[in-house]
Amino acid sequence: MVALQPPTASFGAAESACVGEEILFTQGSTGAGADLVYSWVFGNGKTSGDATPTNRYDYANIFEVSLKVTYAGLEACSSTTSKRIEVFPVTRP
């Protein structure tokens with residue numbers, strides 16, 4: 001029996017955005033050839049199970065975004081990472 005190494009969660013996204021701007025989250029997670037399940041939490045009450053989701057923020061704040069990856073059917077074998085995204089208000093002249 002070969003031991004399965006845990007996956008490694010990783011993602012990229014803009015470090016800042018304006019209110020209402022669409023942000024693309026690109027996952028860079030790795031696993032040992034098994035199907036990965038993605039669980040995103042965007043810090044504004046929204047979540048996603050997509051590999052590369054998008055999200056918009058309705059108000060200015062600093063949001064903690066987290067990604068948890070697990071092997072399909074193996075919840076105990078997982079990895080989580082997080083990043084902060086600063087969302088600025090839209091100013092009008």
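The values are calculated or read from the model by the stated rules, or taken from the named source; none is laboratory data. All figures in this text were calculated on a predicted structure; none of them were measured in a lab. Positions of Cβ are backbone-derived with ideal geometry, glycine not excepted, and every protein chain shown enters the neighbour counts. With ligands, DNA and RNA removed, areas are computed over all heavy atoms of the protein, side chains included. Shrake-Rupley method; radii C 1.70, N 1.55, O 1.52, S 1.80 Å.
In debye, nearest 20: dipole of the chain around its Cα centre with unit charges on the Cβ of K, R (+) and D, E (-)?
Details: 6 positive and 9 negative charges, 22 e Å.
So the magnitude is around 100 debye.
When nucleic acids and ligands are ignored and a 1.4 Å probe is applied, Leu4 ends up with an accessible area of around 80 Å². Heavy atoms of the protein chains alone define the surface here; on that basis the chain has 62 Å² accessible area per residue at 1.4 Å probe size. Just the number, please: carbon plus sulfur as a percent of the accessible area of region 1-82, 1.4 Å probe, no ligands or DNA/RNA counted. Here it works out to 50 percent.
Using only the C-alpha atoms, the convex hull of region 1-87 corresponds to 78 Å³ per residue.
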